[in-house]
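Here the structure comes first, spelled out in structure tokens, and everything after it is commentary.
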Amino acid sequence: MRANDLAIPFRGTRRTAKFTGQRAIEAAEDKAAYSEFRQKRQAHIDDARVYSTIMPPDSFFCAATAAVVGYALPVTTPTDLQVAVIAPQRAPRAKGIRGRKVAAHLATVTEISGLRMTTPANTWAMLARELTLRELVEIGDAVVRVPRDDFGRQHPELAHATIAELAAEVSCGPRPPSTSKLRAALELICVGSSSVLETDFRLDAAAAGLPEPVLDMEIRDQRGRLLGISELVYPQYRIVVEIEGDHHRTSRQQWNRDLDKYNDYAEAGWDVVRVTSLHINGSHPDAVRRAAAALGRRGWTD
């Protein structure tokens, strides 16, 4: 219990200080590629599992900790574990723990992989205290996203929650001072965004007056053959906006797949606007301008 390779995240607990499980495998394969972001996330998950062995029986993980540990939502990994209890119980206090006391009607708890935590919709609502309106929309889009499998088939049953479930959280009672922020975010959340960058582009495009795109749309030729699935599509103008992450560049398979897809799109009469994070959130973002120019060439007028 006093070995050098053990850490003491919380009083009365021990865990290995080195990477464990999948982290050890990935780190051994390519330490240089293992990002600080993923390390922080995995460390937070490890701490949650350790703390679960000593946490008060009626307590549960909430807010950013639930978002990271239970649902892999795109929030900043918190420094401390966020743990809540139902009022009037006393919120836990300890080094590495941020305790919260929550009214019973504002907390919905479930169990994920043996850990008690707030549900996805409830987690989103609790995050309103610390996130901006845009961040709430980004998280909300991630919560309601409908995943696709390797064959491109949608699986609504795998979505963390529905927009109706988010709306139920907003209407279950006042959450001062965040109720108005939640209502505003709810109006902007859409099913179909698969990344924060897609949400950011969509919000920026709407603010600039561009028409509303169709999200996560299947593109087919005149015979009905599936050419590809694209994130943001303007069907009336046959414009596709493709937001490319780094894997589009570093994966040869993805690169070749993209080339084939874009060639098929062009042959079917579609114009593709390709952008990256630099064009959306860089020092001189111009993704919306590029999309607007393409729409203008196809007859759109603002």
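The values are calculated or read from the model by the stated rules, or taken from the named source; none is laboratory data. Since we're looking at a predicted model, the values are computed, not measured. When we count neighbours, we look across all protein chains shown, and the Cβ atoms used for this are built from the backbone with ideal geometry, even at glycine. Accessible surface areas use protein heavy atoms only, side chains included; no ligands, DNA or RNA. Shrake-Rupley method; radii C 1.70, N 1.55, O 1.52, S 1.80 Å.
Among the residues making up region 221-240, those that are surrounded by 15 or more Cβ atoms within 10 Å (Cβ to Cβ) and out of contact with any strand residue (DSSP E or B) (no Cβ under 7 Å at 6 or more places or on another chain) are Y234, Y237. Tell me, which residue of region 25-44 that is open to solvent by 40 Å² or more (accessible area, probe 1.4 Å) and of a type outside the set (D, E, K, R) is modelled with the lowest pLDDT? Result: I25. Anything in region 173-182 that is over 13 Å from T132 (Cα atoms) and loosely packed, with under 14 Cβ neighbours inside 10 Å? List them, or say none. Within region 173-182, G173, P174, P176 qualify.
State all residues of region 130-154 that are over 18 Å from I189 (Cβ atoms) and of a type in the set (K, R); if no residue qualifies, say none. Within region 130-154, R148, R153 meet the criteria. Can you tell me which residue is nearest to V75 (Cα to Cα) among those in region 203-220 that are open to solvent by 30 Å² or more (accessible area, probe 1.4 Å) and not aliphatic (A, V, I, L, M)? Within region 203-220, the match that is nearest to V75 (Cα to Cα) is D204.
Might you check whether a residue that is loosely packed, with under 15 Cβ neighbours inside 10 Å and in contact with a helix residue (DSSP H, G or I) (Cβ under 7 Å, 6 or more places away or on another chain) occurs anywhere in region 151-167? Looking for residues that are loosely packed, with under 15 Cβ neighbours inside 10 Å and in contact with a helix residue (DSSP H, G or I) (Cβ under 7 Å, 6 or more places away or on another chain), one finds none in region 151-167, hence no.
Scanning region 70-112 for residues that are assigned to a loop (DSSP other than H, G, I, E, B), of a type in the set (A, V, I, L, M), surrounded by fewer than 19 Cβ atoms within 10 Å (Cβ to Cβ) and free of Cβ contacts under 8 Å to residues at least 60 places away in the same chain turns up A72, A87, A91. Any chance you could count how many residues in region 49-69 are over 24 Å from the mean Cα position of the chain (by Cα), among the polar types (S, T, N, Q) and buried (at least 21 other Cβ atoms within 10 Å of the Cβ)? The number of residues fulfilling the criteria is 1.
Every residue, every condition in (1) at pLDDT 95 or above; (2) closer than 30 Å to T162 by Cβ; (3) in contact with a helix residue (DSSP H, G or I) (Cβ under 7 Å, 6 or more places away or on another chain), yes or no:
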| site | (1), (2), (3) |
| --- | --- |
| D46 | yes, no, no |
| P56 | no, no, no |
| D80 | yes, no, no |
| I86 | yes, yes, yes |
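Going by what's in this entry, would R116 be described as out of contact with any Asp or Glu (no Cβ under 7 Å at 6 or more places or on another chain), within 23 Å of R38 (Cβ to Cβ), open to solvent by 70 Å² or more (accessible area, probe 1.4 Å) and at pLDDT 95 or above? Answer is no for this residue.
Scanning region 147-202 for residues that are of a type in the set (F, W, Y) and either at pLDDT 95 or above or in contact with a strand residue (DSSP E or B) (Cβ under 9 Å, 6 or more places away or on another chain) (or both) returns a single hit, F201. Go through the residues of region 182-198 one by one and say whether even a single one is among the basic types (K, R) and touching a residue at least 24 places away in the same chain (Cβ under 8 Å). Looking for residues that are among the basic types (K, R) and touching a residue at least 24 places away in the same chain (Cβ under 8 Å), one finds none in region 182-198, hence no. The selection criterion, being crowded, with 19+ Cβ neighbours inside 10 Å, under 30 Å from R238 (Cα atoms) and hydrophobic (A, V, I, L, M, F, W, C), does not hold for V191.
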